[in-house]
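Colleague: Got a structure here, written out as structure tokens. Questions coming.
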Amino acid sequence: MRIVVCDDHLLLLEALGLALGARGHDVVALAGTPQEAVSAVAMHRPDVCLLDVNFPGGTSVSAIHEIREISPETKVVMLSAEADHSIVGRAIAEGASGYVGKEKPIVEIVEMLDRAVRGQLAVEPSLLQRALRPQKSTDDPLWALQFLT
């Protein structure tokens, strides 16, 4: 599997690159920003881009669409230290094929990458349920408006 890895923490970025390479995967590029990831995907056309969610300037969710547009065959798996169901929902809506937590062991991260490359949605079922389930009115004051016609 050919992979582009993107994270703003250099130590984690290099460690992920080494760990994935040690498991026989071809890490074609390491990127420190979402824009670097978009450029790396355009250049290398990898099977998958492992993309960190949070960056100093905000989230990388907008980069998903760019990546999928320049390389439709490249799957995007989001990587995050937070299990924020609203970001999971937005990422999937933008075209992400997966979402995995940074607390997971490398074996599980690799499994999620493999699932995404095989065309499966690589998100933990409980997180996916929370992302797709309607919010309760106590969570969002505008929740009830979705039922108006």
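The values are calculated or read from the model by the stated rules, or taken from the named source; none is laboratory data. A quick note: this is a predicted structure, and the numbers were derived from the prediction, not measured. A quick note on method: Cβ atoms are made from the backbone with ideal geometry, for glycine too, and the neighbour counts reach across all protein chains shown. For the accessible areas, the whole protein counts, side chains as well, though only heavy atoms, and no ligand, DNA or RNA atoms are used. Shrake-Rupley method; radii C 1.70, N 1.55, O 1.52, S 1.80 Å.
Colleague: Output the number of residues of region 1-36 satisfying the condition of being of a type in the set (A, V, I, L, M), assigned to a helix (DSSP H, G or I) and within 21 Å of E73 (Cα to Cα).
Modeller: Number of matching residues: 1.
Colleague: For region 50-77, enumerate the residues that are closer than 13 Å to E94 by Cβ and hydrophobic (A, V, I, L, M, F, W, C).
Modeller: L51, V53, V61, A63, I64, I67, V76, V77, listed by residue number.
Colleague: Go through region 78-97 and give me each residue that's open to solvent by less than 70 Å² (accessible area, probe 1.4 Å) and either touching a Ser or Thr at 6+ places or on another chain (Cβ under 8 Å) or at positive phi (or both).
Modeller: Passing the criteria: M78, I87, G95.
Colleague: Here is a further query. Counting only residues that are more than 11 Å from V77 (Cβ to Cβ) and either assigned to a helix (DSSP H, G or I) or modelled with pLDDT of 70 or more (or both), how many does region 121-142 have?
Modeller: 9
Yes/no matrix, rows are residues, columns are (1) within 18 Å of I67 (Cα to Cα); (2) touching a Gly at 6+ places or on another chain (Cβ under 7 Å):
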{"position": "L79", "(1), (2)": "yes, no"}
{"position": "H85", "(1), (2)": "no, no"}
{"position": "A93", "(1), (2)": "yes, no"}
{"position": "G98", "(1), (2)": "yes, no"}
{"position": "E103", "(1), (2)": "no, no"}
{"position": "V107", "(1), (2)": "no, no"}
{"position": "M112", "(1), (2)": "no, yes"}
{"position": "V117", "(1), (2)": "yes, no"}
{"position": "A122", "(1), (2)": "yes, yes"}
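Colleague: Anything in region 84-112 that is assigned to a helix (DSSP H, G or I) and among the hydrophobic types (A, V, I, L, M, F, W, C)? List them, or say none.
Modeller: Selection gives I87, V88, A91, I92, A93, I106, V107, I109, V110, M112.
Colleague: Right, next: Please find, within region 28-52, the residue that is farthest from E69 (Cα to Cα) out of those that are without any contact (Cβ under 8 Å) to a residue 40 or more places away in the chain and crowded, with 20+ Cβ neighbours inside 10 Å.
Modeller: A31
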